[in-house]
Amino acid sequence: MRCAIFGFTTPNLGDDIQALAAALVLPRVDAYVDRDRLDKVRFDEPHHLIMNSWFAIKRYKATPSESLIPYYFGQCIGRPELLNDCWIAEWKKRAPIGCRDEHSVSLLRQRGIDAYFTGCLTTHMGKFFNLPERREGIVFVDVPESIERFIPEHIRAKARRITNETVKGDSNQRHRFRKIAEICDILRNAEMVVTRRLHTALPCVGFQTPVTVYLEGSEKNRRRFSGSDRLVPVIFHDGNEISDGPEWIEPSPVTMPDYMEESFAKLLNNFDGNVDRRWNNMIEFVATLPESQRKPENVLAKLYAA
């Protein structure tokens, strides 16, 4: 079985953490593919690919080529342009479609496509790692300065502040994976995490790390978090003030709902997979991944690298 995961050049390393979540599930990783140019991917033999990402950014008709065998688990329909004849035909052929958010489920069902909520694959990452013997530290990940004042002072005073961002156009996949792996290991060992990032909060669920989310309450953000807001406490704000709910919610470890565990088990069955805690940390796992160019090769990425 040949397998691929997504490779990215975006400034948001939350994209890469989703690729690593897929890599943990797959029996092997042979290649990295460009999420936005899936119709251009060519391999000598088909590669299995988990479609757990936010679609679409650039090319709204880039459905997977015949070189790819897609598995729809954790897909997010990010823009209405994706609801075109090409993608609708693809989803109907591959249904049922597992979606990352309830908004995407609703969009597909309105068009007669069988769809269901899986949540994000990153919520299951913790299953593959040994649990920390002791948790240490409070971590803020990209928390807006204007919002920090709503967090209790004794928590702010002890917090370490980090970011999930990297430089735009960073196409060195091993470098990107190493950087997000370091962040994941910080989250995995933390006492508590506060963030605005979906793909900081959801890995924390799997790592059993208590997490609270401060989220600007735009319609787009509420849609992205729909379904996931049942797993973690989300406090909405308008950029300066809390828009609804309390100013602070003390987080606690999350127990995964049965329906999410069942969906994940079905995905694993596609690869004759099982879960065991075989890695001590994420950096150790990333070191096992191959060095490989994204397919198809991206001219802009080459220019950035130069």
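Go through the stretch 52-67 and give me each residue that's out of contact with any Asp or Glu (no Cβ under 9 Å at 6 or more places or on another chain) and surrounded by fewer than 21 Cβ atoms within 10 Å (Cβ to Cβ). Reasoning before the result, please.
At the first step, the residues of the stretch 52-67 found to be out of contact with any Asp or Glu (no Cβ under 9 Å at 6 or more places or on another chain) are 52, 66.
Across the stretch 52-67, the qualifying residue is only E66.
On the basis of being out of contact with any Asp or Glu (no Cβ under 9 Å at 6 or more places or on another chain), closer than 14 Å to C3 by Cα and at pLDDT 95 or above, does L107 make the cut? Please lay out each step first, then the result.
On the way: out of contact with any Asp or Glu (no Cβ under 9 Å at 6 or more places or on another chain): yes; closer than 14 Å to C3 by Cα: no; at pLDDT 95 or above: yes.
Criteria not met by L107.
Please list, ordered by first then second residue, the pairs with beta carbon atoms under 7 Å, 6 or more apart or interchain, first in the stretch 268-284 and under 21 Å from I50 (Cβ atoms), second of a type in the set (F, W, Y) and at pLDDT below 80.
none
So F236 fits all but one of (1) free of Cβ contacts under 8 Å to residues at least 40 places away in the same chain; (2) out of contact with any Asp or Glu (no Cβ under 8 Å at 6 or more places or on another chain); (3) part of a strand (DSSP E or B); what number is the exception?
That leaves (2) as the condition not met.
When the stretch 11-32 is examined, which residues are found to be surrounded by 24 or more Cβ atoms within 10 Å (Cβ to Cβ), farther than 15 Å from M51 by Cβ and among the β-branched types (V, I, T)?
Passing the criteria: only I17.
Going through the stretch 41-61 one residue at a time, which ones are touching a Cys at 6+ places or on another chain (Cβ under 9 Å) and farther than 26 Å from S263 by Cβ?
Y60, K61, listed by residue number.
Please go through (1) among the acidic types (D, E); (2) in contact with a strand residue (DSSP E or B) (Cβ under 9 Å, 6 or more places away or on another chain); (3) surrounded by fewer than 21 Cβ atoms within 10 Å (Cβ to Cβ) for E133 and return the number of the only condition it doesn't satisfy.
Tallying (1) among the acidic types (D, E); (2) in contact with a strand residue (DSSP E or B) (Cβ under 9 Å, 6 or more places away or on another chain); (3) surrounded by fewer than 21 Cβ atoms within 10 Å (Cβ to Cβ), E133 fails exactly one: (2).
Give the residues of the stretch 166-191 that are under 16 Å from I138 (Cα atoms) and not in a helix (DSSP H, G or I), sorted by residue number. Can you show your working first?
Of the residues in the stretch 166-191, the ones under 16 Å from I138 (Cα atoms) are 182-191.
Listed by number, the residues that qualify are A190, E191.
Starting from the stretch 63-81, keep only residues that are part of a loop (DSSP other than H, G, I, E, B), then list their pairs with residues that are of a type in the set (S, T, Y) whose Cβ atoms are within a distance under 7 Å, requiring at least 6 positions of separation or different chains.
Final answer for the pair search is F73/T118; G74/T118.
Among the residues of the stretch 74-92, is there at least one that is aromatic (F, W, Y) and within 30 Å of S218 (Cα to Cα)?
Here is the first cut: in the stretch 74-92, the ones aromatic (F, W, Y) are 87, 91.
Narrowing the set further to residues that are within 30 Å of S218 (Cα to Cα) leaves 87, 91.
Taking every residue of the stretch 74-92 in turn, at least one turns out to be aromatic (F, W, Y) and within 30 Å of S218 (Cα to Cα).
Which numbered condition in (1) assigned by TED's automatic domain parsing to the domain that holds S67; (2) surrounded by fewer than 20 Cβ atoms within 10 Å (Cβ to Cβ); (3) assigned to a helix (DSSP H, G or I) is the only one that F285 fails?
(2)
Within the stretch 274-306, track down each residue that is at pLDDT 70 or above, farther than 19 Å from F128 by Cα and among the hydroxyl-bearing types (S, T, Y).
S292
If T10 meets every condition in (1) assigned to a strand (DSSP E or B); (2) over 13 Å from the mean Cα position of the chain (by Cα) apart from one, which number is that one?
Here T10 clears every test but (1).
Does V29 count as outside any strand (DSSP E or B) and of a type in the set (V, I, T)? Talk me through it step by step, then tell me what you get.
On the way: outside any strand (DSSP E or B): yes; of a type in the set (V, I, T): yes.
Answer is yes for this residue.
Given (1) on the phi > 0 side of the Ramachandran plot; (2) within 14 Å of the chain's Cα centre (by Cα), identify the lone condition not met by Q208.
The single condition Q208 does not satisfy is (2).
The values are calculated or read from the model by the stated rules, or taken from the named source; none is laboratory data. Quantities reported herein were computed from a predicted structural model and do not represent experimental measurements. Neighbour counts are summed over all protein chains in view; Cβ atoms, including those assigned to glycine, are modelled from backbone coordinates with ideal geometry.
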